[in-house]
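K.L.:
Below are the C-alpha coordinates for one structure; questions will follow.
The values are calculated or read from the model by the stated rules, or taken from the named source; none is laboratory data. Quick caveat, the model's predicted, so the values are computed rather than measured. Neighbour counts run over all protein chains shown; Cβ positions are idealised from the backbone, glycine included. Surface accessibility is based on the protein's heavy atoms, side chains included, excluding ligands, DNA and RNA. Shrake-Rupley method; radii C 1.70, N 1.55, O 1.52, S 1.80 Å.
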Amino acid sequence: MKAMVCEAFGGPEVLTLREVPDPPPPGPGEVQVRIRARGVQYRDVLMLAGKYQFRPEPPFIPGSEAAGEVVAVGAGVSRFEVGKKVVSRSQLGALAELVNAKEKDCDPMPSGLGLEQASVFRNTYMTAYHALVQRGRLAAGERVLIHGAAGGIGIPAIQLAKLHGAEVIAAATGEAKRAVCLEEGADHAIEYRGGFRDRVMELTGGYGVDIVYDPVNGPTFEESLRCLAWGGRILILGFLGGPPAAARSNYLLIKSIEAIGVIVGGAYDARPELGVAANRALFNFASQGRLKPRIWRSFPLAGAAEAVQALIDRKVIGKAVLVG
(Lines give C-alpha, C1' and ligand atoms only; values in the text may rest on other atoms or scores of the structure.)
Protein backbone atom coordinates (compact mmCIF):
# COMPACT_ATOMS: atom_id res chain seq x y z
CA MET A 1 0.00 0.00 0.00
CA LYS A 2 0.98 3.66 -0.30
CA ALA A 3 1.64 5.64 2.86
CA MET A 4 3.19 8.92 3.96
CA VAL A 5 6.11 7.97 6.20
CA CYS A 6 7.85 10.19 8.76
CA GLU A 7 11.49 9.23 8.25
CA ALA A 8 13.08 11.57 10.85
CA PHE A 9 11.96 14.19 13.33
CA GLY A 10 11.46 17.61 11.80
CA GLY A 11 8.99 19.65 9.79
CA PRO A 12 6.66 18.66 6.92
CA GLU A 13 9.68 17.91 4.73
CA VAL A 14 10.30 14.65 6.65
CA LEU A 15 7.15 13.13 5.11
CA THR A 16 7.78 10.88 2.11
CA LEU A 17 5.32 8.85 0.01
CA ARG A 18 6.38 5.20 0.15
CA GLU A 19 5.20 1.75 -0.85
CA VAL A 20 5.03 -0.17 2.42
CA PRO A 21 3.70 -3.61 3.39
CA ASP A 22 -0.03 -3.86 4.01
CA PRO A 23 -0.96 -4.17 7.69
CA PRO A 24 -1.43 -7.76 8.94
CA PRO A 25 -4.94 -9.24 9.13
CA PRO A 26 -6.90 -7.55 11.92
CA GLY A 27 -6.53 -9.13 15.33
CA PRO A 28 -9.28 -9.86 17.85
CA GLY A 29 -11.55 -6.87 18.28
CA GLU A 30 -10.04 -5.05 15.29
CA VAL A 31 -11.27 -4.02 11.85
CA GLN A 32 -9.20 -3.21 8.79
CA VAL A 33 -10.30 -0.04 7.02
CA ARG A 34 -9.53 1.02 3.46
CA ILE A 35 -9.11 4.74 3.99
CA ARG A 36 -10.67 7.13 1.49
CA ALA A 37 -10.16 10.40 3.41
CA ARG A 38 -8.17 11.45 6.45
CA GLY A 39 -7.72 14.67 8.39
CA VAL A 40 -4.59 16.65 9.20
CA GLN A 41 -4.32 17.83 12.81
CA TYR A 42 -1.93 19.95 14.85
CA ARG A 43 -1.01 16.81 16.78
CA ASP A 44 0.55 15.61 13.50
CA VAL A 45 2.77 18.70 13.47
CA LEU A 46 3.92 17.97 17.01
CA MET A 47 4.38 14.26 16.34
CA LEU A 48 6.57 14.93 13.28
CA ALA A 49 8.71 17.18 15.46
CA GLY A 50 8.96 14.60 18.24
CA LYS A 51 7.17 16.97 20.63
CA TYR A 52 3.88 15.16 21.18
CA GLN A 53 3.22 13.32 24.46
CA PHE A 54 3.04 10.06 22.49
CA ARG A 55 6.44 9.96 20.77
CA PRO A 56 6.94 7.14 18.24
CA GLU A 57 10.43 6.76 16.83
CA PRO A 58 10.83 7.19 13.04
CA PRO A 59 10.06 5.68 10.69
CA PHE A 60 6.33 5.74 11.36
CA ILE A 61 3.09 6.53 9.55
CA PRO A 62 1.34 9.48 11.26
CA GLY A 63 -2.36 10.30 11.23
CA SER A 64 -5.20 9.32 13.53
CA GLU A 65 -8.57 10.30 12.02
CA ALA A 66 -10.03 8.78 8.88
CA ALA A 67 -13.08 7.49 7.03
CA GLY A 68 -13.48 4.62 4.60
CA GLU A 69 -14.91 1.12 4.42
CA VAL A 70 -14.23 -2.08 6.30
CA VAL A 71 -12.32 -4.67 4.25
CA ALA A 72 -11.68 -7.29 6.97
CA VAL A 73 -12.76 -8.00 10.54
CA GLY A 74 -11.00 -9.77 13.38
CA ALA A 75 -12.34 -12.36 15.80
CA GLY A 76 -15.10 -11.15 18.09
CA VAL A 77 -16.10 -8.12 15.99
CA SER A 78 -19.89 -7.81 15.99
CA ARG A 79 -20.72 -4.18 15.05
CA PHE A 80 -19.23 -4.11 11.56
CA GLU A 81 -19.06 -6.31 8.49
CA VAL A 82 -17.03 -6.06 5.29
CA GLY A 83 -18.23 -3.16 3.15
CA LYS A 84 -19.53 -1.04 6.03
CA LYS A 85 -18.60 2.66 5.79
CA VAL A 86 -16.98 3.83 9.01
CA VAL A 87 -15.24 6.67 10.78
CA SER A 88 -12.09 5.37 12.46
CA ARG A 89 -9.60 6.58 15.04
CA SER A 90 -6.13 5.15 15.66
CA GLN A 91 -2.96 6.19 17.44
CA LEU A 92 -1.00 6.14 14.16
CA GLY A 93 -1.32 5.01 10.58
CA ALA A 94 -4.14 7.07 9.03
CA LEU A 95 -1.87 8.62 6.39
CA ALA A 96 -1.99 5.35 4.48
CA GLU A 97 -4.37 3.39 2.28
CA LEU A 98 -5.12 0.76 4.93
CA VAL A 99 -5.20 0.81 8.72
CA ASN A 100 -6.16 -1.58 11.51
CA ALA A 101 -8.34 0.06 14.16
CA LYS A 102 -10.03 -1.20 17.28
CA GLU A 103 -13.73 -1.89 16.85
CA LYS A 104 -14.50 0.41 19.79
CA ASP A 105 -12.68 3.25 18.01
CA CYS A 106 -14.89 3.02 14.92
CA ASP A 107 -18.40 4.32 14.26
CA PRO A 108 -20.82 4.00 11.36
CA MET A 109 -20.49 6.96 9.03
CA PRO A 110 -23.23 9.47 9.92
CA SER A 111 -25.84 9.82 7.20
CA GLY A 112 -25.69 13.61 7.44
CA LEU A 113 -22.01 13.84 6.47
CA GLY A 114 -20.04 13.32 3.29
CA LEU A 115 -16.87 11.24 3.23
CA GLU A 116 -14.45 14.14 3.75
CA GLN A 117 -16.57 15.67 6.52
CA ALA A 118 -16.88 12.30 8.24
CA SER A 119 -13.11 11.76 8.21
CA VAL A 120 -12.50 14.83 10.38
CA PHE A 121 -15.62 14.69 12.55
CA ARG A 122 -14.91 12.54 15.55
CA ASN A 123 -11.71 13.92 17.08
CA THR A 124 -12.45 17.62 16.71
CA TYR A 125 -16.07 17.51 17.79
CA MET A 126 -15.33 15.24 20.75
CA THR A 127 -12.68 17.74 21.86
CA ALA A 128 -15.11 20.65 21.67
CA TYR A 129 -17.94 18.68 23.31
CA HIS A 130 -15.77 17.43 26.16
CA ALA A 131 -14.45 20.95 26.76
CA LEU A 132 -17.67 22.93 26.60
CA VAL A 133 -20.27 20.47 27.85
CA GLN A 134 -18.51 17.94 30.05
CA ARG A 135 -15.75 20.09 31.55
CA GLY A 136 -17.14 23.61 31.08
CA ARG A 137 -20.73 22.78 32.12
CA LEU A 138 -22.07 25.11 29.43
CA ALA A 139 -25.64 26.24 30.05
CA ALA A 140 -28.14 27.97 27.77
CA GLY A 141 -27.88 31.74 27.91
CA GLU A 142 -24.20 31.81 28.88
CA ARG A 143 -21.62 33.81 26.96
CA VAL A 144 -18.58 32.06 25.46
CA LEU A 145 -15.36 33.56 24.07
CA ILE A 146 -13.71 31.16 21.61
CA HIS A 147 -10.05 31.69 20.69
CA GLY A 148 -8.72 30.22 17.45
CA ALA A 149 -12.34 30.23 16.38
CA ALA A 150 -11.76 29.59 12.67
CA GLY A 151 -9.50 26.58 13.32
CA GLY A 152 -10.03 22.85 13.41
CA ILE A 153 -11.41 22.78 16.97
CA GLY A 154 -12.73 26.35 16.89
CA ILE A 155 -15.52 25.92 14.36
CA PRO A 156 -16.87 22.81 16.16
CA ALA A 157 -16.90 24.87 19.36
CA ILE A 158 -18.96 27.61 17.68
CA GLN A 159 -21.48 25.09 16.36
CA LEU A 160 -21.80 23.22 19.66
CA ALA A 161 -22.05 26.37 21.77
CA LYS A 162 -24.87 27.66 19.60
CA LEU A 163 -26.63 24.27 19.71
CA HIS A 164 -26.57 24.56 23.50
CA GLY A 165 -28.04 28.05 23.51
CA ALA A 166 -24.95 30.16 24.18
CA GLU A 167 -24.01 33.61 22.92
CA VAL A 168 -20.70 33.24 21.07
CA ILE A 169 -17.87 35.74 20.65
CA ALA A 170 -15.38 34.33 18.16
CA ALA A 171 -11.80 35.61 18.24
CA ALA A 172 -9.81 35.13 15.02
CA THR A 173 -7.15 36.88 12.98
CA GLY A 174 -8.11 38.52 9.70
CA GLU A 175 -11.38 39.47 8.05
CA ALA A 176 -11.71 36.23 6.10
CA LYS A 177 -11.52 34.09 9.21
CA ARG A 178 -13.91 36.31 11.13
CA ALA A 179 -16.40 36.17 8.24
CA VAL A 180 -16.30 32.37 8.39
CA CYS A 181 -16.98 32.44 12.15
CA LEU A 182 -20.10 34.50 11.54
CA GLU A 183 -21.19 32.13 8.78
CA GLU A 184 -20.82 29.25 11.24
CA GLY A 185 -23.17 30.91 13.71
CA ALA A 186 -21.06 33.13 15.98
CA ASP A 187 -22.94 36.16 17.28
CA HIS A 188 -19.82 38.34 17.15
CA ALA A 189 -16.36 37.97 15.57
CA ILE A 190 -13.44 40.03 16.86
CA GLU A 191 -9.72 40.46 16.26
CA TYR A 192 -7.59 39.34 19.20
CA ARG A 193 -4.25 40.83 18.17
CA GLY A 194 -3.60 44.15 19.87
CA GLY A 195 -5.97 43.42 22.72
CA PHE A 196 -9.50 42.07 22.94
CA ARG A 197 -10.75 42.65 26.50
CA ASP A 198 -12.28 46.06 25.85
CA ARG A 199 -14.23 44.72 22.88
CA VAL A 200 -15.46 41.70 24.87
CA MET A 201 -16.64 43.92 27.73
CA GLU A 202 -18.35 46.26 25.27
CA LEU A 203 -20.20 43.38 23.60
CA THR A 204 -21.33 41.98 26.95
CA GLY A 205 -22.39 45.28 28.49
CA GLY A 206 -19.56 45.13 31.02
CA TYR A 207 -20.54 41.66 32.27
CA GLY A 208 -17.79 39.59 30.65
CA VAL A 209 -18.07 36.00 29.47
CA ASP A 210 -18.89 32.88 31.42
CA ILE A 211 -16.48 30.61 29.51
CA VAL A 212 -13.25 31.15 27.60
CA TYR A 213 -12.45 28.27 25.21
CA ASP A 214 -8.68 28.57 24.82
CA PRO A 215 -6.45 26.43 22.60
CA VAL A 216 -4.07 29.41 22.21
CA ASN A 217 -2.92 30.21 25.78
CA GLY A 218 0.52 31.84 25.95
CA PRO A 219 0.27 35.63 25.58
CA THR A 220 -3.56 35.73 25.51
CA PHE A 221 -4.11 33.89 28.80
CA GLU A 222 -3.99 36.77 31.28
CA GLU A 223 -6.18 38.98 29.12
CA SER A 224 -8.63 36.09 28.79
CA LEU A 225 -8.88 35.91 32.58
CA ARG A 226 -9.78 39.60 32.62
CA CYS A 227 -12.65 38.90 30.21
CA LEU A 228 -14.32 36.43 32.58
CA ALA A 229 -17.37 37.24 34.66
CA TRP A 230 -17.44 36.31 38.34
CA GLY A 231 -17.44 32.51 38.65
CA GLY A 232 -16.29 32.09 35.04
CA ARG A 233 -14.35 29.15 33.59
CA ILE A 234 -11.33 29.16 31.31
CA LEU A 235 -10.89 25.93 29.37
CA ILE A 236 -7.23 25.19 28.58
CA LEU A 237 -6.99 23.02 25.45
CA GLY A 238 -3.44 23.67 24.27
CA PHE A 239 -0.63 26.13 23.71
CA LEU A 240 -0.71 27.23 20.07
CA GLY A 241 0.30 30.76 21.08
CA GLY A 242 3.60 29.81 22.67
CA PRO A 243 4.92 28.52 26.00
CA PRO A 244 2.26 27.81 28.65
CA ALA A 245 1.23 30.86 30.63
CA ALA A 246 1.53 31.07 34.41
CA ALA A 247 -1.86 31.56 36.07
CA ARG A 248 -2.14 34.41 38.61
CA SER A 249 -3.81 32.52 41.43
CA ASN A 250 -4.82 35.72 43.24
CA TYR A 251 -6.90 36.71 40.22
CA LEU A 252 -8.53 33.29 40.12
CA LEU A 253 -9.42 33.67 43.80
CA ILE A 254 -10.81 37.21 43.61
CA LYS A 255 -13.27 36.37 40.81
CA SER A 256 -13.84 32.70 41.76
CA ILE A 257 -12.51 31.67 38.36
CA GLU A 258 -11.95 28.03 37.46
CA ALA A 259 -8.97 27.14 35.24
CA ILE A 260 -9.90 23.79 33.74
CA GLY A 261 -7.55 21.50 31.82
CA VAL A 262 -9.04 19.64 28.86
CA ILE A 263 -7.48 16.49 27.40
CA VAL A 264 -9.88 14.13 25.71
CA GLY A 265 -7.85 10.93 25.47
CA GLY A 266 -6.85 10.83 29.10
CA ALA A 267 -10.35 11.73 30.28
CA TYR A 268 -12.04 9.01 28.26
CA ASP A 269 -9.46 6.43 29.28
CA ALA A 270 -10.14 7.26 32.93
CA ARG A 271 -13.90 7.54 32.52
CA PRO A 272 -15.04 5.63 29.41
CA GLU A 273 -18.69 6.47 30.08
CA LEU A 274 -17.95 10.10 29.24
CA GLY A 275 -16.65 9.09 25.82
CA VAL A 276 -19.72 6.94 25.18
CA ALA A 277 -22.04 9.81 26.09
CA ALA A 278 -20.16 12.31 23.93
CA ASN A 279 -20.04 9.94 20.98
CA ARG A 280 -23.77 9.24 21.18
CA ALA A 281 -24.71 12.92 21.37
CA LEU A 282 -22.38 14.02 18.56
CA PHE A 283 -23.25 11.31 16.06
CA ASN A 284 -26.93 11.95 16.73
CA PHE A 285 -26.45 15.65 15.95
CA ALA A 286 -24.44 14.81 12.82
CA SER A 287 -27.06 12.37 11.53
CA GLN A 288 -29.64 15.14 11.93
CA GLY A 289 -27.46 17.51 9.89
CA ARG A 290 -26.97 19.86 12.86
CA LEU A 291 -23.17 19.54 12.94
CA LYS A 292 -21.03 19.79 9.80
CA PRO A 293 -17.23 20.09 9.63
CA ARG A 294 -15.99 22.87 7.39
CA ILE A 295 -13.50 21.60 4.79
CA TRP A 296 -10.99 24.26 3.79
CA ARG A 297 -9.19 22.26 1.10
CA SER A 298 -8.67 18.67 -0.05
CA PHE A 299 -5.19 17.40 -0.93
CA PRO A 300 -4.08 14.07 -2.42
CA LEU A 301 -2.31 11.75 0.01
CA ALA A 302 1.01 12.69 -1.60
CA GLY A 303 0.28 16.34 -0.68
CA ALA A 304 0.42 15.68 3.06
CA ALA A 305 3.51 17.86 3.57
CA GLU A 306 1.80 20.81 1.88
CA ALA A 307 -1.29 20.34 4.06
CA VAL A 308 0.80 20.19 7.23
CA GLN A 309 2.69 23.33 6.22
CA ALA A 310 -0.61 25.15 5.63
CA LEU A 311 -1.61 24.19 9.17
CA ILE A 312 1.67 25.53 10.57
CA ASP A 313 1.22 28.76 8.60
CA ARG A 314 -2.30 29.23 10.05
CA LYS A 315 -3.82 29.24 6.57
CA VAL A 316 -6.36 26.49 7.27
CA ILE A 317 -9.90 27.62 8.03
CA GLY A 318 -11.68 24.61 9.44
CA LYS A 319 -10.02 21.40 8.34
CA ALA A 320 -7.61 20.17 5.66
CA VAL A 321 -8.27 16.69 4.29
CA LEU A 322 -6.14 14.15 2.41
CA VAL A 323 -8.11 12.02 -0.06
CA GLY A 324 -7.31 8.98 -2.14
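K.L.:
Between 0 and 90 degrees, rounded to the nearest ten: what's the tilt of helix 272-287 against the longest Cα principal axis of the chain?
P.N.:
90
K.L.:
Report, by chain and number, residues whose modeled amide H sits under 5 Å from the one on residue 232, excluding near sequence neighbours (fewer than 5 apart, same chain).
P.N.:
Here the answer is 258, since their amide H atoms fall under 5 Å of that of residue 232.
K.L.:
Filter the cross-link list 102/315; 51/85; 85/319 down to pairs whose alpha-carbon distance in this structure exceeds 23 Å.
P.N.:
Details: 102/315 33 Å; 51/85 33 Å; 85/319 21 Å.
Listed pairs above 23 Å: 102/315; 51/85.
K.L.:
Okay, moving on. Percent of alpha carbon pairs in the stretch 1-81 separated by more than 17 Å?
P.N.:
Numbers: 1770 of 3240 pairs.
So the pairs more than 17 Å apart make up 55 percent of the total in the stretch 1-81.
K.L.:
I've got another one for you. Mind listing the phi-derived Karplus ³J(HN,Hα) values for the stretch 137-150, rounded to whole Hz, using 6.51, -1.76 and 1.60 with θ = phi - 60°, and x for any glycine or proline?
P.N.:
Working through the residues one at a time gives 6, 4, 10, 4, x, 7, 9, 10, 9, 10, 7, x, 5, 9 Hz.
K.L.:
Next question. At 1.4 Å probe size, put 107, 22 in order of accessible surface, largest to smallest.
P.N.:
Values: 107 15, 22 90 Å².
Most to least solvent-accessible, the answer reads 22, 107.
K.L.:
For residue 1, what is the net charge nearby, where nearby means another residue's Cβ is under 12 Å from its Cβ and Lys, Arg count +1, Asp, Glu -1?
P.N.:
Values: positive: 2, 18, 34; negative: 19, 22, 97.
Here the charged neighbours net out to 0.
K.L.:
Most mobile of 103, 175, 69 per a Gaussian network model of the chain (Cα springs, under 10 Å)?
P.N.:
Looking only at 103, 175, 69, the largest GNM fluctuation is found for 175.
K.L.:
Based on the mean of other Cβ atoms within 10 Å per residue, sort peptides 267-275, 49-57, 36-44 so the most packed one is first.
P.N.:
Values: 267-275: 13.9, 49-57: 12.2, 36-44: 23.7.
Ranked from most to least packed, the peptides come out as 36-44, 267-275, 49-57.
K.L.:
In debye to the nearest 20, how big a dipole does the chain give about its Cα centre with +1 on each Lys and Arg Cβ and -1 on each Asp and Glu Cβ? Could you put the intermediate results ahead of the total?
P.N.:
Working: 37 positive and 33 negative charges, 72 e Å.
Once rounded to the nearest 20, the dipole reads 340 debye.
K.L.:
For the chain, give the share of DSSP beta bridges that are antiparallel, in percent and rounded to the nearest 5; count only bridges with both residues there. Intermediate results must be reported in sequence, preceding the final value.
P.N.:
On the way: 30 of 54 bridges.
Among the beta bridges of the chain, antiparallel pairing accounts for roughly 55 percent.
K.L.:
I'd like the carbon and sulfur percentage of the solvent accessible area for the chain, probe radius 1.4 Å, heavy atoms only, ligands and nucleic acids excluded. Mind dumping the intermediate values first?
P.N.:
Numbers: 7230 of 13600 Å².
The value for the chain is 53 percent carbon and sulfur by accessible area.
K.L.:
Another question about this same structure. Using amide H atoms built in the peptide plane, which far-off residues or other-chain residues are under 5 Å from residue 93 H to H?
P.N.:
Under 5 Å from the amide H of residue 93 lie the amide H atoms of 61, 63, each far enough along the sequence or on another chain.
K.L.:
Would you kindly derive the ³J(HN,Hα) couplings of the stretch 81-88 from the backbone phi angles with the Karplus curve 6.51 cos²θ - 1.76 cosθ + 1.60 (θ = phi - 60°), listing them in order in whole Hz, with x for Gly and Pro?
P.N.:
Values, residue by residue: 10, 4, x, 6, 7, 9, 9, 10 Hz.
K.L.:
Which shape class applies to the chain: rounded if a/c is under 1.5, otherwise prolate when a/b exceeds b/c and oblate if not, where a ≥ b ≥ c are the square roots of the Cα gyration tensor eigenvalues?
P.N.:
Numbers: a/c = 1.95, a/b = 1.65, b/c = 1.18.
Here the chain falls in the prolate category.
K.L.:
Would you calculate a helix-derived [θ] at 222 nm for the chain, using -39,500 (n - 2.57) for each DSSP H run of n ≥ 4 and dividing by the full residue count, to the nearest 500?
P.N.:
Numbers: 11 runs with 92 residues, N = 324.
After summing the helix terms and dividing by the residues of the chain, the value is -8000 deg cm²/dmol.
K.L.:
What accessible area per residue, rounded to a whole number of Å², is obtained for the stretch 89-217 using a probe radius of 1.4 Å? Walk me through the intermediate numbers first.
P.N.:
Values: 4340 Å² over 129 residues.
It amounts to 34 Å² per residue over the stretch 89-217.
K.L.:
Provide the per-residue ³J(HN,Hα) series for the stretch 219-226, in order, calculated from phi with Karplus coefficients 6.51, -1.76, 1.60 and θ = phi - 60°, each as a whole number of Hz, with x at glycine and proline positions.
P.N.:
For the stretch 219-226, the Karplus-derived couplings read x, 8, 5, 5, 5, 4, 4, 6 Hz, x marking Gly and Pro.
K.L.:
Another one. For residue 30, what residues show an amide H to amide H distance below 5 Å, using hydrogens built from the backbone and excluding near sequence neighbours?
P.N.:
Here 74, 75, 103 satisfy the definition.
K.L.:
Using 0.36 nm per residue of separation minus the Cα-Cα distance, give me the extension gain between residue 13 and residue 315 in nm, one decimal.
P.N.:
Working: separation 302, 0.36 × 302 = 108.72 nm, distance 1.77 nm.
Extra length available between residue 13 and residue 315 comes to 106.9 nm.
K.L.:
Given axes a ≥ b ≥ c from the Cα gyration tensor, I'd like to know whether the stretch 117-206 is rounded (a/c under 1.5), prolate (a/b larger than b/c) or oblate.
P.N.:
Because a/c hits 1.5 or more and a/b fails to exceed b/c, the stretch 117-206 counts as oblate.
K.L.:
Direction-averaged shadow area of the convex hull around the Cα atoms of the stretch 99-252, nm²?
P.N.:
Numbers: hull surface 42.4 nm².
Its Cα hull, projected and averaged over all orientations, spans 10.6 nm².
K.L.:
If you take the square roots of the eigenvalues of the alpha-carbon gyration tensor of the stretch 216-324 and sort them as a ≥ b ≥ c, do you get rounded (a/c under 1.5), prolate (a/b over b/c) or oblate? Let's see the in-between values first.
P.N.:
Working: a/c = 2.35, a/b = 1.43, b/c = 1.65.
Oblate, since a/c reaches 1.5 and b/c is not below a/b.
K.L.:
Now, a different point. Roughly how many whole Å is it from the C-alpha centroid of the stretch 259-324 to that of the stretch 114-184?
P.N.:
Here the two parts' Cα centres lie 11 Å apart.
K.L.:
Under unit Cβ charges (Lys, Arg +1; Asp, Glu -1), what dipole magnitude, rounded to 20 debye, does the stretch 193-239 have relative to its Cα centre? Write out the running numbers ahead of the final one.
P.N.:
On the way: 5 positive and 6 negative charges, 8 e Å.
My answer is approximately 40 debye.
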